[in-house]
Amino acid sequence: MKTILWATLTANGNYAQSGPDNPPTQEALSDFAEQAKAAGNFIVGRKTFEGMQDPSRVSLEEQTNAEGPFAGMDIVVMSKSIQAIPGLTIAGSPREALDCLRQKGHKTALVSGGADIHNSFLGEGLVDELIFNVAPVVEGKGLNLLIDKDNYRYKKVKLLDCKPLGGGIVQLRYGIDR
Ligand SMILES: NC(=O)c1ccc[n+]([C@@H]2O[C@H](COP(=O)([O-])OP(=O)(O)OC[C@H]3O[C@@H](n4cnc5c(N)ncnc54)[C@H](OP(=O)(O)O)[C@@H]3O)[C@@H](O)[C@H]2O)c1
């Protein structure tokens, strides 16, 4: 199964964080909805999933109902502490998340974050494609995407595409060997 890692980076190379005072842009959200629709699924970390249920944002019910952007999608929440969420799948490891989607017949899995989840998939060498949306914002001390959290290593990637998404965002797509 092809695994795509989708992430927003800041213009100074951090793994972008968002919050009530710094929400994701509409362009980034629309792009995410498009990528998730194409894959038919997404994998999300427990903390990011909880952020998606922030009362200031559109509710999960509205996002997953027939008119919502995630209608009919398989959503996998990664957690070692939660046993079940009605209507969603819980996975305790990256391989378990991919196995669940493979068993449901998916050919592509979209890994949507956050940092722990992305780094777990990268660390285990389970990613085939990287989609980085570089947002017009710079941050101070923050989060990083790493293929190895303990040691210096590098891996060359192949640029597949580069395009503006609007709103000052540039999308870079890279192929990465497992
Ligand atoms: N730049 C982007 O594209 C992007 C996208 C999404 C989120 N974000 C940002 O990322 C931050 C949140 O990221 P985060 O790293 O704190 O949290 P996260 O990755 O969303 O969730 C972390 C949780 O996922 C579970 N988990 C992590 N690794 C796991 C593994 N290998 N197997 C099973 N479960 C695992 C654990 O849940 P339990 O504790 O329940 O076991 C862990 O506490 C926020 O600042 C958010 O704004 C950025």
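Does GLY125 satisfy the condition of being surrounded by fewer than 10 Cβ atoms within 10 Å (Cβ to Cβ) and outside any strand (DSSP E or B)?
no
Rundown of residues vs (1) farther than 19 Å from GLN17 by Cα; (2) open to solvent by less than 40 Å² (accessible area, probe 1.4 Å); (3) at pLDDT 95 or above; (4) not in a strand (DSSP E or B), yes/no style:
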| residue | (1), (2), (3), (4) |
| --- | --- |
| HIS118 | no, yes, yes, yes |
| PHE132 | no, yes, yes, no |
| LYS141 | no, no, yes, yes |
| LEU145 | no, no, yes, yes |
| TYR154 | yes, no, yes, yes |
| LYS163 | yes, no, yes, no |
| GLN171 | no, yes, yes, no |
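Among the listed residues ASP54, ASP74, ASP21, identify the single one that is under 14 Å from LEU110 (Cα atoms) and among the charged types (D, E, K, R).
Being under 14 Å from LEU110 (Cα atoms) and among the charged types (D, E, K, R) holds for just one of ASP54, ASP74, ASP21, which is ASP74.
Under 8 Å by Cβ, and 6 or more places apart or on different chains, what pairs join a residue from segment 83-103 that is surrounded by fewer than 12 Cβ atoms within 10 Å (Cβ to Cβ) with one that is in a helix (DSSP H, G or I)?
So the pair list comes out as GLY87/THR64.
Of the residues that make up segment 40-57, is at least one away from the ligand (no atom under 11 Å from the Cβ) and within 24 Å of GLY168 (Cα to Cα)?
The answer is yes; a qualifying residue exists.
For segment 116-131, indicate whether the set of residues that are among the hydroxyl-bearing types (Ser, Thr, Tyr) and in contact (Cβ under 8 Å) with a residue 12 or more places away in the chain is non-empty.
Among the residues of segment 116-131, at least one is among the hydroxyl-bearing types (Ser, Thr, Tyr) and in contact (Cβ under 8 Å) with a residue 12 or more places away in the chain, which makes the answer yes.
One line per residue, one yes/no per condition, for (1) near the ligand (Cβ under 8 Å from one of its atoms); (2) among the polar types (S, T, N, Q):
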site: ALA11; (1), (2): no, no
site: GLN17; (1), (2): yes, yes
site: GLN26; (1), (2): no, yes
site: GLY68; (1), (2): no, no
site: GLN103; (1), (2): no, yes
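Go through (1) surrounded by fewer than 20 Cβ atoms within 10 Å (Cβ to Cβ); (2) under 15 Å from HIS118 (Cβ atoms) and name the single condition ALA16 misses.
The single condition ALA16 does not satisfy is (1).
The values are calculated or read from the model by the stated rules, or taken from the named source; none is laboratory data. Treat the numbers as computed from the prediction; the structure is a model and nothing was measured. As a convention, Cβ positions derive from the backbone with ideal geometry for all residues, glycine included, and neighbour counts pool all protein chains shown. Keep in mind that these areas ignore ligands, DNA and RNA; they rest on the heavy atoms of the full protein, side chains included. Shrake-Rupley method; radii C 1.70, N 1.55, O 1.52, S 1.80 Å.
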